[in-house]
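Heads up: the structure comes next, in structure tokens.
Every number here is computed from the coordinates shown, using simple stated rules; none is lab data. Nothing here was measured: the structure is a model prediction, and the numbers come from that model. Because the Cβ atoms are built from the backbone with ideal geometry, glycine has one as well, and the counts that use them run over all protein chains shown.
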Amino acid sequence: MDDYIIQLIDVHKSFGAQRVLRGLNLNIPRGRTTVIIGGSGSGKSVMLKHMIGLIRPDQGQVLVDGQNLTVMNDRQLNQVRTRFGMLFQDAALFDSMNVLDNVSFPLSEHTKKPAAEIHQVVAEKLRLVGLPGVEAKMPNELSGGMRKRVGLARAIALEPEIILFDEPTTGLDPLMSDAINRLIMGTQAELGVTSVVISHDIEGAYKIAHNVAMLYQGRIIAQGSPDQIQANPDEVVQQFIHGRAEGPIEVI
Amino acid sequence: MGWTRPFELVGRGFLRVLDEAGELLLLLVQTALWLIRPPFRFRVLFKQMEFVGVKSINVVILTGAFTGGVFALQSYHGFSLFGAESLVGSTVALALTRELGPVLTSLMVTGRAGSAMAAELGTMRVTEQIDALYVMAVNPVQYLVLPRIVASIFMLPLLTIIADFVGIVGGYVVGVGLLGINSGIFIAKIVEYVEFSDISMGLIKASFFGLIMALVGCYKGFYTTGGAAGVGRSTTQAVVLASVMILGFDYVLTAIMF
């Protein structure tokens, strides 16, 4: 059996009358980067939030190392969550705190390290994301790309085993996107983490992914290495990866 | 079929009120449970006490001073009709300590701090900062809601003491300074008629209003949906609902306590 760190089994989730996930099955291999592609509004973020217990499924199971998140209480869930880091779409930095307090937040919450040591870790993480010395800045003084990088520094502050990325390159210029992609590859290679990345950026996906999965109409319709995905005969997959408006996916 | 429509509307409105009341109570219960569970965040609590309390002092002083002043002016007008001007001081003092101090302070602080709570938590919700707290294994009710509620419960009575005092001074300035009531009589009548229980009951009410203000502000903020427009809506609803609840509970509490 393959080594999967996260497994979604037959997950269903509706919001009101809108059925977002309809029997989704997905396995995330340990220590690899998996990129989930799919159209806007196809439920990628919803799926990602299931993996960390922010959303509970209406039906189905979410397993992290074989433990079922869907039946856990708050305390157990928090224990599992300390193994995760997450980069939100707009970084979700606490805008009442400066960069130092943002990045040190998980450290001061979950470790007993003295302040001096925490400052050192923060400085190191900020250097890792290419933003040394910005500790005193407030989030609103940073550009979108910088905020995402600070968000990444915060996500890796506790050296998590699993990092979830919600559209890390959306809304960034090509150079910044490339820088973020390199950071994802770099942290993966350096820390050996499992990464799950949501993206519309097909080129970026080919570059960073060991494993690509496509979400369409609430299910995973294709999964494999970037080469396998490109060779996938499914018309929906082909239409999406080549960005064509005509095809089985109704665009407008 | 048309004739059932009004009933449907009434029923749906009633259900929504029940729904909201239930959610408010649930949030209160969750907060109460976190009160006894570590970690205790004194720094965050003190920051909220500063925000709700210290930074509201100016607006409370202004409110108290003008309320006391105008109350002296109005009651002087009434009492002078039958020569009872000497009672202006005690009337002002009783009205302030029992009623106007706690209620006006709470309404002013609701406009200032309750709205800010809804706006801040609402913004944190729509920008996923609340989700980020969950992801970092920190419970947002414990981190955000609890300190705001506790701070408000403590600070509103303190602010009310200021409002009571400044209001009586305002009444004194108008009554003695402008209208020529004898200073000794003004003060003697206050001492004679105002009981300690008048003050303490007013302070208990204020603390209860603090709970209402913070609970409603946090509740509306915490469950915000719909981006910037949603934050605006939550803020407005928080101020309206909290103010109405303060006025409603004021009647109930007064009927029970006095």
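The Rg/Rh ratio for chain A is 0.97, where Rg is the radius of gyration of the alpha carbons and Rh is the Kirkwood radius.
Each of B:Phe208, B:Phe79, B:Phe258 was scored by other Cβ atoms within 10 Å of its Cβ. Listed from fewest to most, they are B:Phe258, B:Phe79, B:Phe208.
Distance between the C-alpha centers of segment B:116-142 and segment A:171-249? Whole Å please. The two parts, judged by their Cα centres, are 30 Å apart. Build a GNM of chain A with springs between Cα atoms under 10 Å apart, and of A:Met51, A:Met72, A:Met214 the one that fluctuates most is A:Met72. Here the translational diffusion coefficient of the protein assembly as shown follows from Stokes-Einstein with Rh set to the Kirkwood radius across Cα pairs; for 4 °C and 1.567 mPa s it amounts to 49 µm²/s. Volume of the convex hull of segment B:70-153 (Cα atoms only), normalised per residue: 78 Å³.
Determine the shielding of peptide B:121-132 by partner chains: average, over its residues, the number of Cβ atoms on other chains within 10 angstrom of each Cβ.
Values: counts 0, 0, 2, 4, 0, 1, 9, 11, 8, 2, 8, 14.
Averaged over the peptide's residues, the number is 5.
Using only Cα atoms, locate the centre of segment B:221-258 and the centre of segment A:51-78, then give the distance between them in Å, rounded to an integer. Measuring centre to centre over Cα atoms gives 34 Å. Neighbouring Cβ atoms from other chains, within 10 Å of the Cβ of residues in A:118-126, number 0 on average.
Using the rule -39500 (n - 2.57) for each DSSP H run of four or more residues, divided by the residues of chain B, the 222 nm mean residue ellipticity is -26000 deg cm²/dmol. For chain B, modelled as a Gaussian network with Cα springs under 10 Å, which listed residue fluctuates most, B:Phe209, B:Phe71, B:Phe42? So, out of B:Phe209, B:Phe71, B:Phe42, the one fluctuating most is B:Phe42.
For A:Pro132, what is the net charge nearby, where nearby means another residue's Cβ is under 15 Å from its Cβ and Lys, Arg count +1, Asp, Glu -1?
Values: positive: A:Lys125, A:Arg127, A:Lys137, A:Arg149; negative: A:Glu124, A:Glu135.
Value of the local net charge: +2.
For chain A, the longest principal axis of the C-alpha atoms and the axis of helix A:99-110 are separated by about 80°.
Legend: ranking of residues B:Arg125, A:Arg30 from fewest to most surrounding C-beta atoms inside 10 Å; resulting order A:Arg30, B:Arg125. Counts of other chain beta carbons within 10 angstrom of each beta carbon in peptide A:45-57 average 1. Reducing segment B:62-80 and segment A:1-25 to their Cα centroids gives an inter-centroid distance of 67 Å. Relative to the longest principal axis of the Cα atoms of chain A, helix A:115-128 runs at roughly 50 degrees. With neighbours defined as other Cβ atoms within 10 Å of a residue's Cβ, the residues A:Glu190, A:Glu167 order from fewest to most as A:Glu190, A:Glu167.
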